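> Starting off with a structure, shown below.
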Amino acid sequence: MADIIQLLPDHVANQIAAGEVVQRPASVVKELLENAIDAGATQITLLIKDAGKTLIQVTDNGMGMSTTDARLSFERHATSKIKIAEDLFNLHTKGFRGEALASIAAIAHVELKTKTHDAEIGTKICVEGSKVIEQEPAVVPSGTTIAVKNLFYNIPARRNFLKSNPVETRHIIDEFHRVALAHPQVAFTMSHNGASVFNLPESNLRQRIVNIFGNKTNEKLVPVEEETDILKIEGFVIKPDYAKKSRGEQFFFVNDRFIKSAYLNHAIVSAFEGLLKGGFHPGYFLFLTVDPKTIDINIHPTKTEIKFDDEHSMYAMLRSTVKHSLGQFSIAPVLDFNRESSLDTPYNYSKKKITAPTIEVDRTFNPFKEESKPKQANISFPYKREKNAASWESLYVGLEDDTANANDNQHITFESEQITGKLFEDDSTEVRQVTFQLQNKYIVSPIKSGMMVIHQHLAHQRILYEELLKNITLQQAVSQQLLFPLQLHFSKLDMEVLKKVQEQLEHTGFVFSAFEEDFVNVSGIPVALIESQASQVLEQLITDIDNEVPDAGFSQNDLLVKSMAKSMAIKSGTRLNKEEREHLVNQLFLCKEPSVSPSNKPVIVTLDANDMDKKFM
Ligand code: ADP
Ligand code: MG
């Protein structure tokens with residue numbers, strides 16, 4: 001057989017190699033920002049257009065490059081940062097592979113302008129698809145500007161695989177956060193399509209965190225500090241009260257390099273043990289400093305993973321340091337005899353509304369009145385599980401009167417109170433039936449054919465879902481005016497997400513009196529919402545949108561409404577009195593699809609008397 005192996009042409013090899021380094025615009029942002037840091041810059045400007053798809057430009061006031069270096073910087077494995085293999089074990093720079101600029105130049109139009117501080121005149125170089133197409137002396141300020149245009153212009157498949165602009169922007173902002181947090185002593189600005197997104201002056205870490213995540217963050221931070229022979233830990237954890245359901249604010253830096261480590265994250269989670277409600281994640285900004293010889297950052301091309309020589313001691317130290325900090329700031333339970341113990345409400349109860357015990361008195365009960373035939377309630381519902389729940393929202397389009405045919409398709413009939421059959425006679429519209437609560441979670445009610453068990457949380461989700469969806473679609477929400485507007489603080493990033501759904505939120509009943517960079521003033525909320533839930537509902541919504549990243553249109557309404565219904569619905573574990581149970585059941589059966597929750601779980605289970613009979617044989 002003839003020889004078949006060939007060397008790939010350079011441009012093909014370059015494109016393949018580029019794929020390792022550049023997955024999306026955010027990868028370019030990361031590499032350029034890191035190069036600027038490595039060049040000793042104290043002022044870095046990031047400018048993007050169309051989520052980086054059209055332009056990513058980074059300007060720094062760092063050391064700049066000579067004309068020869070400028071040309072060389074685009075060669076693969078061209079780096080000024082290591083010279084011999086041993087240097088790899090004593091790294092103090094972000095870069096070392098000499099691959100980033102070569103990779104970026106292989107798949108974009110790149111323009112580099114640079115000048116060293118002692119040179120009179122600088123250099124301008126244009127590279128397209130790895131080819132230098134222009135090089136000339138240029139009058140430019142000291143430092144470096146690199147503009148990357150039309151990313152993936154020569155790999156249409158890659159370009160087509162890029163996500164929507166909001167998603168790509170979010171990735172870029174994530175990278176920007178990571179570099180900016182690791183270098184508070186460097187000033188950063190970022191703008192997108194001409195609008196300023198961040199303006200971060202030179203500061204300390206606490207100020208940097210606050211500048212990025214909003215003023216309210218300041219009071220949430222608990223300092224963490226520890227130094228031993230092998231490890232220095234500094235930074236902040238977020239007070240457990242402010243923990244979030246998303247993992248957004250979790251930052252580990254090792255020697256000022258952002259890393260991801262499930263193992264170290266676990267150390268923090270275990271330090272927070274007992275302080276967080278279920279489903280909540282600790283927030284942290286932790287900087288670990290170790291001897292570069294004891295880590296290997298070489299194991300992952302995009303370098304967010306890391307290998308420590310002695311992971312176990314790291315884990316133990318991190319855990320105990322964070323635990324100690326939480327304890328010192330009286331966040332963890334501590335033995336303190338001067339403290340009023342009634343203030344220490346367990347987490348599960350501290351947020352509960354205090355309600356006076358209710359006594360149920362039936363004012364219409366008359367023991368001397370003759371018993372009449374039990375009244376039969378004829379509310380029923382199409383008892384089937386909707387397979388295609390996705391089509392839900394279209395139901396309300398152009399639909400004004402939606403309760404008219406709620407009563408056809410009768411399958412289930414309630415039995416009313418047997419002993420005091422007259423109780424409900426004057427109650428004409430609402431259906432009353434025997435209900436009781438099981439484990440503060442299920443509402444059980446006898447029906448003609450046996451027994452019905454309703455999942456209270458899922459049932460309420462269904463009710464709220466349909467109501468909110470109707471409001472959003474018909475744009476006819478009623479809102480309850482707040483006496484004192486709420487000011488809710490969010491990070492700029494979260495505010496961007498909220499901004500995108502502002503209009504839809506208003507259709508559900510929210511009224512915003514101010515929509516600023518890092519807070520909103522809420523002066524009205526949906527009727528079904530309790531004021532104290534407002535912030536949590538919006539926070540959950542942001543998390544859900546982040547995780548699902550829907551595009552505009554129906555699916556976004558659906559996601560928004562699902563998310564709100566879920567966080568607003570009464571929780572399992574909530575005791576419901578008779579009126580509340582009955583109201584819930586009645587509301588449920590006015591729904592178009594009572595039997596299935598918005599997330600497609602069954603809401604109602606029926607137990608047939610015949611089946612029960614069999615059990616007693
Ligand atoms: P690496 O950062 O791994 O060395 P890069 O491809 O990112 O590889 O950069 C190649 C070289 O170009 C760097 O080693 C550095 O000498 C030079 N360089 C890149 N960006 C800058 C910059 N902003 N300022 C000064 N020099 C730079
Ligand atoms: Mg680099």
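> Based on this model, can you work out whether Glu75 counts as touching a residue at least 60 places away in the same chain (Cβ under 8 Å), near ligand 1 (Cβ under 9 Å from one of its atoms) and closer than 26 Å to Asn154 by Cβ?
Judged against the criteria, Glu75 is not a match.
> Then there's this: Does Phe519 qualify as being touching a Gly at 6+ places or on another chain (Cβ under 9 Å), among the aromatic types (Phe, Trp, Tyr), at pLDDT 85 or above and surrounded by fewer than 19 Cβ atoms within 10 Å (Cβ to Cβ)?
yes
> Looking only at the stretch 60-83, which residues are of a type in the set (Val, Ile, Thr) and away from ligand 2 (no atom under 16 Å from the Cβ)?
Correct list: Thr67, Thr68.
> From the residues in the stretch 90-121 that are crowded, with 21+ Cβ neighbours inside 10 Å and more than 15 Å from Ser73 (Cα to Cα), which one is nearest to ligand 2 (Cβ to nearest atom)?
Lys94
> Tally time: how many residues in the stretch 125-140 are surrounded by 16 or more Cβ atoms within 10 Å (Cβ to Cβ) and away from ligand 1 (no atom under 14 Å from the Cβ)?
Within the stretch 125-140, residues that are surrounded by 16 or more Cβ atoms within 10 Å (Cβ to Cβ) and away from ligand 1 (no atom under 14 Å from the Cβ) number 3.
> Step by step: first the residues of the stretch 132-174, then only those that are at pLDDT below 95 and acidic (Asp, Glu), then the one that is farthest from the chain's Cα centre (by Cα). Which residue is that?
Going through the qualifying residues, I end up with Glu168.
> Counting only residues that are crowded, with 19+ Cβ neighbours inside 10 Å and touching a helix residue (DSSP H, G or I) at 6+ places or on another chain (Cβ under 8 Å), how many does the stretch 223-243 have?
Counting residues in the stretch 223-243 that are crowded, with 19+ Cβ neighbours inside 10 Å and touching a helix residue (DSSP H, G or I) at 6+ places or on another chain (Cβ under 8 Å) gives 8.
> Here is a list: Lys562, Lys571. Which entry is buried (at least 21 other Cβ atoms within 10 Å of the Cβ), under 20 Å from Leu468 (Cα atoms) and basic (Lys, Arg)?
Testing whether each residue is buried (at least 21 other Cβ atoms within 10 Å of the Cβ), under 20 Å from Leu468 (Cα atoms) and basic (Lys, Arg) leaves just Lys562.
> Of all residues in the stretch 481-505, which are more than 21 Å from the chain's Cα centre (by Cα) and surrounded by 15 or more Cβ atoms within 10 Å (Cβ to Cβ)?
Residues satisfying the conditions are Leu482, Pro485, Leu486.
> Mind counting the residues in the stretch 78-109 that are outside any loop (DSSP other than H, G, I, E, B), more than 11 Å from ligand 1 (Cβ to nearest atom) and not acidic (Asp, Glu)?
Summing the residues that are outside any loop (DSSP other than H, G, I, E, B), more than 11 Å from ligand 1 (Cβ to nearest atom) and not acidic (Asp, Glu) in the stretch 78-109 gives 6.
> Against the conditions (1) part of a strand (DSSP E or B); (2) closer than 21 Å to Glu516 by Cα, where does Glu226 fall short? Just the number, please.
So the condition that Glu226 fails would be (2).
> In the stretch 43-72, how many residues are away from ligand 1 (no atom under 12 Å from the Cβ), buried (at least 17 other Cβ atoms within 10 Å of the Cβ) and in a helix (DSSP H, G or I)?
Number satisfying all stated conditions: 3.
The values are calculated or read from the model by the stated rules, or taken from the named source; none is laboratory data. Everything quoted here is computed from the prediction, not taken from an experiment. Heads up, the Cβs are rebuilt from the backbone with ideal geometry, glycines too, and the neighbour counts pull from every protein chain shown.
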